[in-house]
Each structure stands twice: as C-alpha cells, then as structure tokens.
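Participant: The following block contains the structure, expressed as structure tokens.
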C-alpha cells in the first residue's frame, strides 16, 4: 500500500461511499437533584426488530432478504439525519420523564425543551440539506 496522501484519500472516499447504516440508537440521561432519568430508542432502517428476547421468525434468514441486504441501508448523510431525528425524540422524552417524576422543575424543563428543540432544528436542517445534495 502506498503512503501517497491522494491514494489514501481515494481509498477512504471509496469505502465511505459504500457504507450503509441500518440502525440508529439514541440515549439520553437527565440528572437532577432527585436522581437521574434515562430514555433510549433504537431505530432500524426500513425494518422491524423483535427485541423481546425469544427466538422467532425474525431470526430465520430469508435468502431473498440476504441477497438484497447489501443494497439496503442509509447513506452516511441519511444516517446522520436519522440520528438527529431519533436523538431529538429521545431528548424530549427524557426531559418529559424527568419533569414528570420531579427530577427537574418546570422552569428548567421549559428552558431545556426550547433549547434542545432549537439546537436540533439547526442540525436537522443542515443534515437535510446534505442529504438533498447527495440526490
């Protein structure tokens, strides 16, 4: 392998263009004077995953699905956008739960919800523009 920076950039670019993300996970913890509140979501791309723990039909491989799985998934920019969308929901749910169980007060709750929405809105808009540019 050559140490030529142009060759390394090309390899990285080639691999990056082939990455397909099939799952996005978001977690959030809200710490307060009365304890911690946690929330988390896991979102699969165009799929349903049975996380109940027992073996089921979702564990039996489908040959047709295996053949097409290589071409499924999100591009990196789509995955970044999806992560922002999932993490926004997780943050909102964690704040809702922290407020509901008394971990945080109403003023902090309202301030944090507004601030989180504003920050994520900017990230989501920027990410959506990158996805649109890919198309």
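Participant: I'm trying to understand the selection: among the residues of region 17-28, which are exposed (fewer than 12 other Cβ atoms within 10 Å of the Cβ) and outside any loop (DSSP other than H, G, I, E, B)?
Facilitator: Hits for region 17-28 are 17, 18.
Participant: Kindly indicate whether any position in region 38-58 is more than 16 Å from residue 87 (Cα to Cα), loosely packed, with under 13 Cβ neighbours inside 10 Å, modelled with pLDDT of 80 or more and touching a helix residue (DSSP H, G or I) at 6+ places or on another chain (Cβ under 9 Å).
Facilitator: No, there is no match, as no residue in region 38-58 is more than 16 Å from residue 87 (Cα to Cα), loosely packed, with under 13 Cβ neighbours inside 10 Å, modelled with pLDDT of 80 or more and touching a helix residue (DSSP H, G or I) at 6+ places or on another chain (Cβ under 9 Å).
Participant: In addition: Would you please list the contacts, defined by Cβ atoms under 8 Å and residues six or more apart or on different chains, that run from a residue in region 7-19 that is touching a residue at least 40 places away in the same chain (Cβ under 8 Å) to a residue that is in a loop (DSSP other than H, G, I, E, B)?
Facilitator: Correct list of pairs: 19/75.
Participant: Taking residue 114, is it modelled with pLDDT of 95 or more, surrounded by fewer than 18 Cβ atoms within 10 Å (Cβ to Cβ), on the phi < 0 side of the Ramachandran plot and more than 24 Å from the chain's Cα centre (by Cα)?
Facilitator: So residue 114 fails the test.
Participant: Right, next: Residues in region 9-16: is at least one loosely packed, with under 11 Cβ neighbours inside 10 Å, more than 26 Å from residue 82 (Cα to Cα) and either at pLDDT below 75 or under 15 Å from the mean Cα position of the chain (by Cα) (or both)?
Facilitator: Within region 9-16, not a single residue is loosely packed, with under 11 Cβ neighbours inside 10 Å, more than 26 Å from residue 82 (Cα to Cα) and either at pLDDT below 75 or under 15 Å from the mean Cα position of the chain (by Cα) (or both).
The values are calculated or read from the model by the stated rules, or taken from the named source; none is laboratory data. Since the model is a prediction, treat every value here as computed from it, not as a measurement. With ideal geometry, Cβ positions are generated from the backbone for all residues, glycine too; neighbour counts draw on all protein chains shown.
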